[in-house]
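*Asks:* Following this message is one structure expressed as structure tokens.
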Amino acid sequence: MVQDNGVGMSEEELELVRQSLAMETEVTVGQRFRNRTSSSSGVGLINVYQRLRLYYGEQLKLSIESEEFQGTLVTIILPVQARPEEAEEEYKEYEASE
């Protein structure tokens, strides 16, 4: 779990981040957050999620809770065993594409 006591997110912003995680695309996040007034776009969170997802697969669980002006809590649940033989090639391809 990672928690902060920063500005948090409105319900609308939180839903956009959750939807972007479900779509797993940084481009979508950037497009959706262009009109935001805060300095964070959520792209870093999406990037971390994508990398973890490549390694752990469908068993990875991530949840985000946030209240505006109260902070944000991100919980990541990792499976006991990763799928390294399947993920290794995908991860190499992902790294090469950046």
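Readers should treat all values here as calculations from the given coordinates under stated rules, not as data from a laboratory. This is a predicted model, so every value here is computed, not measured. Ideal geometry is used to build each Cβ from the backbone, glycine not excepted, and the neighbour counts take in all protein chains shown.
*Asks:* Pull out the extension gain between Val43 and Ala96, defined as 0.36 nm times the separation in residues minus the alpha carbon to alpha carbon distance; nm, one decimal.
*Replies:* On the way: separation 53, 0.36 × 53 = 19.08 nm, distance 1.90 nm.
Between Val43 and Ala96, full extension yields an extra 17.2 nm.
*Asks:* Name the residues whose placed amide hydrogens come within less than 5 Å of the amide hydrogen of Glu67, ignoring near sequence neighbours (fewer than 5 apart) on the same chain.
*Replies:* Met9
*Asks:* Then there's this: Starting from the 7 Å offset along Cα-to-Cβ, what nm value, one decimal, do you get for the label separation of Gln59 and Met23?
*Replies:* Each label point is offset 7 Å from its Cα along the Cβ direction, giving 3.0 nm.
*Asks:* Taking a label point 7 Å from the Cα of Met1 along the Cα→Cβ vector, which residues of segment 54-68 have an amide N closer than 18 Å to it?
*Replies:* Correct set: 61-68.
*Asks:* Given the peptides 68-77, 12-21, arrange them by the average over their residues of other C-beta atoms within 10 Å, most packed first.
*Replies:* Details: 68-77: 14.4, 12-21: 17.0.
Going by the mean number of other Cβ atoms within 10 Å, highest first, we get 12-21, 68-77.
*Asks:* For Leu62, list long-range residues whose amide hydrogen, built 1.01 Å from N in the peptide plane, is under 5 Å from its own amide hydrogen.
*Replies:* Amide H neighbours of Leu62, under 5 Å, 5+ apart: Ile77.
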